[in-house]
Amino acid sequence: MAETTRETGAVEPTSGRRSPAGQQWRVVPAPVQPPQRGGHRLDLRTTIAIDLGRLASSMSRRLGLGSGAMIGGRLALSLQPQALRRLVVGRRVVMVTGTNGKTTTTRMVAEALRSRAPAVSNATGANMLDGHVAALMTRPSAPFAALEVDELHLAQVTAQFEPAVILLLNLSRDQLDRVGEIRTVAESLRRALTAAPGAHVIANRDDPNIVFAAADHPSVTWISGGARWKGDALNCPRCGAFLGDADQDWRCACGLSRPAADWTVA
């Protein structure tokens, strides 16, 4: 077992010591036996929906109409609206969302999970519910899933089930003007987290919009990656007051503030 210090990222033997900030880091060893998704049987309706969805995906690829990453999941959902809820039973699911970096982060998470046990992922970037169903039905027995999700669709996901982990990367204007203002998206993320109190949230403390979305969740690990997202967060996401220099530690009169980092990437 090893201990990683927040200040340097160096690995030292675990000795019960604490860093100057009072935080003890401990790397938890993986289980000797990887998790298994055994004992779960899908009902007949879901099984038929998955079989037909797989067939649609396969035909789409064979006919050169596309990767099949959406059509299969869409057909399965039309036949069984509870397909997503059924397919996640017994799995540990990691959801990744944000404006930038979703696909890359999801791929890294998926590979990390695969070092322990089979994991599925929507690697093609189909990041709405039909894409999630399509990914999950490729290997129903896999105990892990790493799924990229569109910012405004996380609330739809947490209305269906509670992920094990939710990663919140960032919010910036980019393409968000297609679907709503950033404040609208941040509020949607906040509601999504409220519906998943048992999930563990990993959030970017350098983005005030992400801080707003995750601040009230009972289980958050705050990450500081070195980048600042102040361009779309000059005003407090909660009350609208001017934040000043969001590159520094900030505190708004309404009580929202930049949290201390649990992990820092130098």
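The values are calculated or read from the model by the stated rules, or taken from the named source; none is laboratory data. Owing to the predicted nature of the structure, the values given are computational and were not obtained by experimental measurement. All Cβ positions, even for glycine, are placed from backbone atoms using ideal geometry, and neighbour counts span all protein chains on display. Accessible surface areas use protein heavy atoms only, side chains included; no ligands, DNA or RNA. Shrake-Rupley method; radii C 1.70, N 1.55, O 1.52, S 1.80 Å.
Approximating the spin labels as points 7 Å out from Cα along Cα→Cβ, the S257-to-S58 distance works out to 5.9 nm. For region 77-99, backbone nitrogen atoms closer than 16 Å to the point 7 Å from L65 Cα along Cα-to-C-beta are found at 77-79.
Could you check how much of the accessible area of region 73-220 is carbon and sulfur, as a whole percent, using a 1.4 Å probe?
Reported share for carbon and sulfur atoms: 52 percent.
Taking Cβ atoms as reference points and 13 Å as the exclusive limit, the residues near S60 contribute a net charge of +3, counting Lys and Arg as +1 and Asp and Glu as -1. Treating the Cα atoms of region 47-166 as identical point scatterers in vacuum, please give the log10 of the normalised Debye intensity I(q)/I(0) at q = 0.09, 0.15, 0.21 Å⁻¹, two decimals. One equal scatterer on each Cα of region 47-166 leads to -0.21, -0.60, -1.18.
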